[in-house]
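All remarks here apply to the structure that follows.
Since every read-out is calculated from the coordinates, none of them should be taken as a lab result. Nothing here was measured: the structure is a model prediction, and the numbers come from that model. Here Cβ is always computed from backbone atoms with ideal geometry, including for glycine, and neighbour counts include all displayed protein chains.
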Amino acid sequence: MLPYCFIENDRAVLEPDERKWPVYDTESPVGLMSPDYTSEKIDQVLFSKAKAWLNTHFEERQDDPFFLYFPSSAIHRPCLPSHKWIGKSQAGLRGDKVAELDDIVGRLLGELEKHGVLNNTLVIFSSDNGALAGDPEQALQELADNGYGQVWPSQQLLGRIDEGIHNVRGRKHLTYSHRCNGQFFGYKTDIYEGGHRVPFLVRWPGKVTAGTVCDETICMTDMLATVAALLGETLPEDAGEDSYNVLPLILGEEIEKPIREATVHHSGQGMFAIRKGKWKLVLGQESGGSQTDRTVETEGQLYNMETDKEETTNVYEEHPEVIAELTALLEKYEREGRSAPMMA
């Protein structure tokens, strides 16, 4: 996104007064760049900022609680890791970027430990969407042919070891025989589980038992109501309209029924789906995204998520009563402008 620069407190840190030539297919066209900007160092700069902020906090307000949001650029394209990480994963630049992110998360935990708060801090690690299939072969080859290829041997840069090929709408993507979304169908932007189901890892010693697993459906929108509940705050009526308090699930408390009545999904191209219990209704005939080719003959799609998490069998015509119920519920949410109940 132009211009290429770091922004802090609503201002560019340094004026973008240089020209940048993009080296990766998802970088924007030629445009202005600030002298301190390089795509390879974004996450290292963000880590340095987070580290400095923590140091300042504990120097000035060590007894006060804190909130740190760390939105890494990884593992979003352009997948350009720091040079020291190139070739480390043997799974191409995307794998190298994952390795770099893993290291940064470990260093952040190390900073918490340094300040003596690691075991008294709630740490949540998650993602905003499912992964892409891999990196476009053509984009990686172009990367190897330009300046990157002059620094790193193409074989090491592309990491073509035990490669797999996935065709996404006419473009070959290198996957290195790795299924980034596991068993789930679809990818980022798609309405299917591969586009929406993501890791959600919690660390909170003394509060959350290590190694436990929760199979209840939650959504990233739930973080607002959950943090508010953690702080003993009540959200106003015009905030968190789709946010449920899932703190009881995080703490491992017993619940009598699912906290969420239903979960609404939205694809990259605007297609809706709604999931309640074992049923997921897709209000469209295709993927609703840019990654997966699938077209069904029925007006919509219905999947049983208990027996068919891979969304292989469309049972839309077999359960008209389920379709009617879920359609009515989604329309109710649209009329009321919210899916979550008001906080007490």
| task | With a Förster radius of 45 Å, plug the Cβ-Cβ distance of ASP103 and THR298 into 1/(1 + (r/R0)^6) and report the FRET value to the nearest 0.05. | result | 0.45
| query | Based on the Cα gyration tensor of the chain, what are the three equivalent ellipsoid semi-axes, each the root of five times an eigenvalue, rounded to whole Å and given largest first? | reply | 35, 30, 19
| Whole-Hz ³J(HN,Hα) from phi, Karplus 6.51 cos²θ - 1.76 cosθ + 1.60, for the range 187-193, glycine and proline x | 9, 3, 5, 7, 7, 7, 4
| Okay, helix-only estimate at 222 nm for the chain: each DSSP H run of n ≥ 4 adds -39500 (n - 2.57), divide by all residues, round to 500 deg cm²/dmol; what do you get? | -8500 deg cm²/dmol
| remark: Expected vector for the range 76-85, Karplus 3J(HN,Hα) from phi with 6.51, -1.76, 1.60 and θ = phi - 60°, integer Hz, x for Gly and Pro, equals 6, 6, x, 7, 10, x, 4, 4, 5, 9
| Phi-based couplings in Hz for the range 10-18 (Karplus 6.51, -1.76, 1.60; Gly and Pro marked x) | 6, 9, 5, 5, 10, 5, x, 10, 10
| message | How would GLU113, GLU8 line up from fewest to most surrounding beta-carbon atoms within 10 angstrom? | response | GLU8, GLU113
| field | Simple spin-label estimate for TRP21 and SER177 in nanometres, 7 Å along Cα-Cβ | value | 3.7 nm
| note | Sparse-neighbourhood loop hits (trypsin sites (Lys or Arg not before Pro), the range 271-330; DSSP loop; Cβ within 10 Å at most 13 others) -> LYS278
| field | Of LYS49/LYS84; LYS309/LYS332; LYS41/LYS172, those spanning more than 23 Å from alpha-carbon to alpha-carbon | value | LYS309/LYS332; LYS41/LYS172
| query | When only C-alpha pairs under 8 Å and at least 6 residues apart count, what is the relative contact order of the range 263-336, in percent? | reply | 23 percent
| the chain: relative contact order in percent, alpha carbon pairs under 8 Å with at least 6 residues between | 11 percent
| query | What does the charge count near GLU317 come to, summing +1 for each Lys or Arg and -1 for each Asp or Glu among other residues with Cβ under 13 Å from its Cβ? | reply | -4
| query | For the chain, list the DSSP H helices whose alpha carbon atoms reach 18 Å or more along the long axis and whose average Kyte-Doolittle value is -0.5 or above? | reply | 42-60, 92-114, 320-336
